[in-house]
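Asks: I'd like to ask some things about the structure below.
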């Protein structure tokens, strides 16, 4: 089962996550999501546990618990398809916008 872990302190490591969750069973992987440009942690990650019963126990016990000074939000991760839409801007190409430019002025460029 894939588990979402949010509200992480920026100093939490993947090893910290692995240790916290391994108290409840086997952990396949623990990953902290990082900004692709700066490499800084984004404050959330994912833990993969092969046994769903162990994963549910970990979720129940760790949700709201403190790790490195912050209360974690822990729940079952949703598949990407369930997060909505096609990129967050509704797809499409925009259509007629009344002759406005992209530069904030009136009329044409």
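Where a number appears in this text, it was derived from the coordinates with a stated rule and is not lab data. Since this is a predicted model, take the numbers as computed values, not measurements. Methodologically, a virtual Cβ is constructed for each residue, glycine included, from the backbone with ideal geometry; neighbour enumeration extends over all protein chains shown.
Asks: Mind pulling the per residue volume of the convex hull built on the Cα atoms of the range 2-77? Å³ is fine.
Replies: Measuring per residue, one finds 73 Å³ for the Cα hull of the range 2-77.
Asks: Quick check: pseudo-label points 7 Å beyond the Cα along Cα→Cβ at residue 15 and residue 78, how many nm apart are they?
Replies: Here the modelled spin labels are 3.5 nm apart.
Asks: Extending each Cα 7 Å along its Cβ direction at residue 2 and residue 60, get the distance between those two points in nm, one decimal.
Replies: Between residue 2 and residue 60, the label points sit 2.4 nm apart.
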